[in-house]
Amino acid sequence: MGQRKIIDFIQNRENDGLLRTLSVVEKYAPGKITVAGKEYINFSSNDYIGLAHHSELLNVIRDKGLNVYASASSRLMTGTGLLHNELEIKTASFKNKEAAMVFNSGYQANVGVISAMVGKGDAVFCDKLVHASIIDGSLLSGCKLYRFNHNDPAHLEYILDKYRKKYDRALLAIESIYSMDGDRAKLSEFELIKEKYDLIGMVDEAHATGIFGKNGSGLVEEEGNTASWDIIMGTFSKALGGFGAYIACDIITKKYLINTCRSYIYSTSLPFHVIASDIKSLDIIKEEPVRRKDLLEKSVFLRNNLKSIGLNVLGESQIIPTVFKDAHKTLEISEKLKSKGHWVTAVRPPTVPGGTSRLRISLNYDHSMENISDLVNAIKDCI
Ligand SMILES: *Cc1c(COP(=O)(O)O)cnc(C)c1O
């Protein structure tokens with residue numbers, strides 16, 4: 001792209017109300033952020049159950065007595081320490097699978113795993129709303145990519161009937177809780193289709209881990225069948241308050257991926273204190289179920305209140321997307337809310353489909369009922 005093209009691109013984005021910019025956060029506090037000297041209630045973070053500020057996670061570095069910061073090596077060289085090993089064992093048990101692999105981020109996990117599991121001559125069948133990293137992994141693999149209508153098992157079957165037989169290996173990729181719509185995948189229906197059409201089943205639990213399921217391991221634990229999903233992916237970077245990601249799978253798949261997954265092989269392993277805090281977060285999920293229970297109760301309260309003032313609210317989780325359609329209008333409401341001290345980011349295309357711009361409100365364990373009622377009143381005043 002020449003310089004002119006770059007400038008035009010930016011100008012067009014700006015004209016369409018779609019230009020993205022960074023806001024520098026000067027201070028983070030439970031449920032709050034400070035930007036340009038002003039404090040806001042933060043309704044845009046994925047720190048759903050407030051673990052990012054949990055004293056036990058913050059204390060973990062000291063408690064572990066670590067005398068080294070990072071391994072300065074990839075996992076296959078000398079970057080697998082005892083802590084990395086412990087985290088993988090613990091994650092496997094948390095997800096009720098034989099094995100687990102820890103990745104440096106969820107983005108790297110999806111891109112690396114999908115591009116290793118399928119290649120030229122194979123196919124990926126994914127939901128239209130899956131995360132960018134799933135799309136990018138599929139494109140990188142060189143496979144054929146089919147996208148079915150959101151959370152629509154019948155449409156998936158229609159596509160599979162037509163095309164499945166053309167391919168040797170085929171992978172089904174869905175999320176369990178969708179990041180921008182906050183709704184639940186019809187897991188049991190997808191599980192049946194996965195078996196019927198002999199697909200590799202992959203489910204991304206980035207937004208379900210730590211929140212759903214009796215043990216907090218995710219929606220597959222709550223209403224699915226762990227055995228049906230060959231690869232269960234999730235992150236330590238959202239509800240778990242830390243950083244990094246994982247997949248849980250069987251031992252054979254792990255052996256294969258250790259030898260083929262380029263984002264696992266060719267990247268320095270995460271620093272030890274990050275891994276130690278990820279381990280601790282799994283303990284806290286077990287020990288403090290009140291966090292997820294409370295979060296989901298507040299989410300029902302907020303969703304019902306927004307619906308009662310006539311808004312188009314999606315989802316059934318701690319993610320409460322409120323759709324205003326037009327990008328300019330959504331941005332304007334977001335700015336008005338900011339002026340009242342509520343930080344709610346406007347999510348616009350290309351992150352979401354055209355004409356579905358929305359406020360993506362996400363709740364946090366540390367939000368008080370008063371914070372939530374204030375938000376509802378502020379939105380009422382802005383629309
Ligand atoms: C956030 C997210 C990822 C990426 O995880 P990071 O650890 O932030 O890289 C992957 N999938 C989904 C559905 C996500 O929401």
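Between the range 325-373 and the range 93-153, the C-alpha centres lie 28 angstrom from each other.
Normalised by residue number, the volume inside the convex hull of the Cα atoms of the range 286-377 is 100 Å³ per residue.
Counted by Cβ distance under 14 Å from Tyr197, the other residues give a net charge of -2, where Lys and Arg count +1 and Asp and Glu count -1.
Just checking the listed ones, Met101, Met369, Met202: in the Gaussian network model of the chain with Cα springs under 10 Å, the one fluctuating most is Met369. Sparse packing (at most 16 other Cβ atoms within 10 Å of the Cβ) combined with a DSSP loop state is found for the following GluC sites (Glu not before Pro) in the range 60-108: Glu98. The local environment of Cys382, defined by Cβ-Cβ distances under 12 Å, has a net charge of +2 under the rule Lys, Arg +1 and Asp, Glu -1. Computed extension gain for Lys307 through Leu66, at 0.36 nm per residue and net of the alpha carbon distance, reaches 81.8 nm.
Placing a pseudo-label 7 Å from each Cα along the Cα-to-Cβ vector at Tyr163 and Thr226 gives an inter-label distance of 3.3 nm. Between the C-alpha center of the range 243-315 and that of the range 169-203 there is a gap of 17 Å. A DSSP coil position with no more than 15 other Cβ atoms inside 10 Å describes the following chymotrypsin sites (Phe, Trp or Tyr not before Pro) in the range 31-104: Tyr69. Each label point was placed 7 Å from the Cα along the Cα-to-Cβ direction; for Lys5 and Asp294 their separation is 5.2 nm.
Calculate the translational D of the chain in whole µm² s⁻¹ from Stokes-Einstein, where the hydrodynamic radius comes from the Kirkwood formula applied to all Cα pairs, the temperature is 4 °C and the viscosity 1.567 mPa s. It comes out at roughly 59 µm²/s.
None of the figures in this text is laboratory data; all of them are computed from the coordinates on show. Because the structure is a prediction, the values reported are computed rather than measured. Note that each Cβ is placed from the backbone with ideal geometry, even for glycine, and that neighbours are counted across all protein chains shown.
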